[in-house]
Amino acid sequence: MLLGLPLLSLAIWVPIAFGVAVLATGSDRNARAARLLALAGAVLGFAVTLPLYTRFDTLAGGFQFTEFAPWIQSFNVNYHLGMDGVSLLLILLNSFTTVLVVIAGWEVIRTRVAQYMASFLFLSGFMNGVFSALDALLFYVFFEATLIPMFIVIGVWGGPNRIYAALKFFLYTLAGSVLLLVALIYLYNVSDGSFSLLDYYRLPLSLTVQILVFFAFFLSFAVKVPMWPVHTWLPDAHVEAPTGGSVVLAAIMLKLGAYGFIRLSLPIVPDASHALAGFVIALSLVAVVYIGLVALVQADMKKLIAYSSISHMGFVTLGIFIFNKHGMEGAVIQMISHGFVSGALFLCVGVLYDRAHSRMIADYGGVVNTMPVFAALFMLFAMANAGLPGTSGFVGEFMVILGAVKASFWYAAAAATTLVFGAAYTLWMYKRVIFGAIANPGVAALPELSAREFLVLGLLAAPVLVMGVWPNPFAEVLQASVNDLLNHVTQSKLP
Amino acid sequence: MEYITPLLPAYPELFLLGMACVILLADLFVSDGNRVATYALAQLALAGAAAITYVTSSAEPAYTFSGMFVDDLMSDVLKLLAYLGVMAMLVYSRAYLAARGLFRGEFFVLALFATLGMMVMISANHLLTLYLGLELLALSLYSMVALQRDSALATEAAMKYFVLGALASGMLLYGMSMLYGATGTLEITRLAEAIVNLGGADVVLVFALVFVVAGLGFKLGAVPFHMWVPDVYHGAPTAVTIFIGSAPKLAAFAFIMRLLAQGLGAEHLVQEWQQMLIVMAVASLAIGNITAIAQTNLKRMLAYSTIGHMGFLLLGILSGDLTGYGAGMFYVVVYVFMNLGAFGMILLLSRSGFEAEELEDFKGLNARSPWYAFLMLLLMFSMAGVPPTVGFYAKLMVLQAVINAGFIWLAVVAVLFALIGAFYYLRLVKLMYFDAPADTAPIAPRADVRWLMSANGLAMLVFGILPGPLMTLCIVSIQASL
């Protein structure tokens, strides 16, 4: 531990503390102060997560940087934090994305700036909390707390149909997670009063109980991922949310669901996970193939990327539930890559929307003539989304397909169709928006990327390329954690 | 300790009774312009009672009036919270009363007598004491609801409240008389012994139980005895609604504890009343939460939400064990302060000739005053039970108790209705944050209201982050008095 600092606590509480400070700047008269303070908070929040990576022991299994303090003694709830390789990458991704979102909203958001910036800082802290909680109740509290700021973000700064989208987002995800709470309380009772996830990992459970608990978990996490057929909130939320909201939603919030599968479902109810793997895989493949086709026909860019997100997250759940090393590592890599790529794509749409105030593909055409630099960066992200080798999108998908072949040829065959559909919907959209003759006077008047926008997209382009060419720094921190996880999954917990 | 005065356990009640009489008389000599003096005296009386309660508290239960009256840890904690609730209510409602010509001595005297009634209920160890306290509280509340003489709505509400309340009291008394017939005693501790000695289920006892539970249901406002709640909450002046919806719920909880848990807590009887409470709890959760969605008036919405919350409270109690009672106490305490905050906000936004009681009146509050909108947001999320607010832990404790008692299906039903409930709380947040303001009058409450409101709202967050001590307090005080 660096200088004995509780790094995980800092990763959670630094953004939240800055969020409070940003809120305290009050009205829009102090917007500049709010922006600067938010940037400072986001950068500092990212800075405190860096030692987590440099001091992470890639060979050690189990949880590192653990912190433990009693929290609610009458319920035996503890403030118990710790992280493994999966958490590490997600925490880094989250803190990094928060910096980008603050910069991306710099000039775009002009009303209630303090509240906007503070919401994202709170979100960042809460989500780091989810990724590092080792106590089930702490996990649940952070998991639910993320809903409040996102609800406000979509509802206040969103598009015309924002209220419908915000309520749908909130109620849909809350509906998913209430049964999670019941399941956790049940586990608390059968484990003689413990909320510790580590205790749950050792708790023997009969298959019936495991299956019921599995479904309670599944409902919560499947809504969050989102898996087909409980994905319908996502296109609405994405389309209506402001750019920053879409970025955080796609890049991190969706990962909470997949992370829940990895941290809770697989180790706590391994036998049920095995028994129901076919079911989850089937839903994942439907998401990959069917939602890929749905993405193809979208006329709205944000909706298209939203559906593409669902399709890509299908890959993640597929990778998790084939229970082998390649699949699992591939799933995590895919999560991180999707965080960068989908965030970047939403930012690209945001760039266009800020200029022309339209998200419709039909309103554009020939943008490359007026915004060549933008077109180049957009190209990179579109290629990454399509899974082109040399970009981050390829690595995760390739590994998952590799893992899927081991499980069953047909899984792999179905999953591999995404290479076709993904390329089709992404590149077709790209072609219609960017290439061709200048479609209308609006496009002709588009100004090139500003320095700020270039900075944001550039910061995202770097990891996309690095991950594609040299994925080792990302993959090596996962090895021990994935082995741990697979050990948990293979050990039966039937009494 | 042989020098302890026999009446020591009842000192707070005696003090408050004396002060209420003094204020009643003193108020006659106070001119309308100096009515603040009565207000200050009332606050002082409550503070004094709090000090006496604190000083005379003891870990062991102390009995007086030949065992009719008990002073134990639960009663001390509940009384202290009740004083706090009433004091906060007085602060919140001061400006509202003044603007409507209700800032009169009677209001304060009635409030003090109602408080006295709650205290007697909380400390009762005898069915007659219990009844006495209940009637003192209820009669004061009836007259407070009717205080606004020229308001047809308030008069109607008072009438409904009175008629239905009298009916409930009748049922309760009938049930109590049967209990006396079956056991030959009215003292709660002896009643418990007598029932254990009686063994098996006695038909008279079960009948008595039905009447008692029905009476309790009326007082709590649980379905199917909830009809009066929305009308009274809506019709009464908001300053009275905030009172009805806050501290008396603590007394109602004590009432249930004394009667069901202590008096009728024998194993075979628990199973009998558990059945009834399950039906009432589920029906309250369903009707309260679903009907609240259709409301456009915030006071009515909160009335239906109260019915839903009472369903949750009953869920805690019906678990019939220490965790369940502890959960119930935590729930009711949290509920009282959430309700105080929510109605306090209505009072804060009201002004002369304008009641901020429609949902629409909260439109765009975030643009008018981000701070109050934020506090209301905390209160609403706490009512909905979303972490990290304290309302979440209240629900968590209840669910834990219910699952511990083996009713997983009840927990599932409860969370589903809590989910439905989340919708209408969210709608208020939506109005405050997402809509443009319709009203642009400046919001400038007095400094004391400002601070109290802030403390009340932030308490939702502070106790949400550190709920441990309050939980422990509730469990310990239940433990000490069972």
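Each value in this text was obtained by applying a stated rule to the coordinates, not by laboratory testing. Computed from a predicted structure; not experimentally measured. Reconstructed Cβ throughout: ideal geometry from the backbone, glycine too, with neighbour counts over all protein chains shown.
Side notes on the structure shown:
- Computed magnitude of the charge dipole of the range B:97-160 (debye, nearest 20; Cβ of K, R +1, Cβ of D, E -1): 120
- Here's the picture: charge each Lys and Arg Cβ at +1 and each Asp and Glu Cβ at -1 in the protein assembly as shown, and of A:172, B:229, A:193 the one pushed furthest to the positive end of that dipole is A:172.
- Total charge dipole magnitude, the protein assembly as shown, about the Cα centre, Cβ charges on Lys, Arg, Asp, Glu only, Debye to nearest 20: 2120
- Under the simplified labelling scheme, the residue B:321-residue B:132 pair shows an inter-label distance of 3.7 nm, with each label point 7 Å from Cα along Cα→Cβ.
- Only Lys, Arg (+1) and Asp, Glu (-1) charged, at Cβ; the range B:347-417 dipole about Cα centre in debye: 260
- Shielding by partners for peptide B:274-283, expressed as the average number of C-beta atoms from other protein chains within 10 Å of each residue's C-beta, is 0.
- Among residues other than residue A:386 with Cβ under 14 Å from its Cβ, the summed charge is 0 (Lys and Arg +1, Asp and Glu -1).
- Listed by Cβ neighbour count within 10 Å, with the fewest neighbours leading, A:157, A:71 appear as A:71, A:157.
- Taking other residues whose beta carbon is less than 11 angstrom from the beta carbon of residue B:67, and scoring Lys, Arg as +1 and Asp, Glu as -1, yields 0.
- Per residue of A:177-187, other chain Cβ atoms within 10 Å of the residue Cβ number 6 on average.
- For the range A:137-208, the Cα-based Rg and Dmax, in that order, read 16.5, 50 Å.
- Alpha carbon centroid spacing (whole Å) that separates the range B:409-482 from the range A:380-451: 46
- Rounded to the nearest 10 degrees, the inclination of helix A:113-132 to the longest alpha-carbon principal axis of chain A is 30 degrees.
- Toward the positive end of the charge dipole of the protein assembly as shown, with +1 on the Cβ of Lys and Arg and -1 on the Cβ of Asp and Glu, the farthest Cα among B:305, A:122, B:119 is that of A:122.
- Whole-angstrom gap from the range B:39-77 to the range B:287-321, using each part's C-alpha centre: 30
- Mean residue ellipticity at 222 nm, helices only, the protein assembly as shown: -24000 deg cm²/dmol; runs of at least 4 DSSP H residues each add -39,500 (n - 2.57), and the sum is divided by the number of residues.
- Positive minus negative residues near residue B:142 (Lys, Arg vs Asp, Glu; Cβ under 14 Å): -1
- Gap separating the Cα centres of the range A:330-346 and the range A:104-118, nearest whole Å: 25
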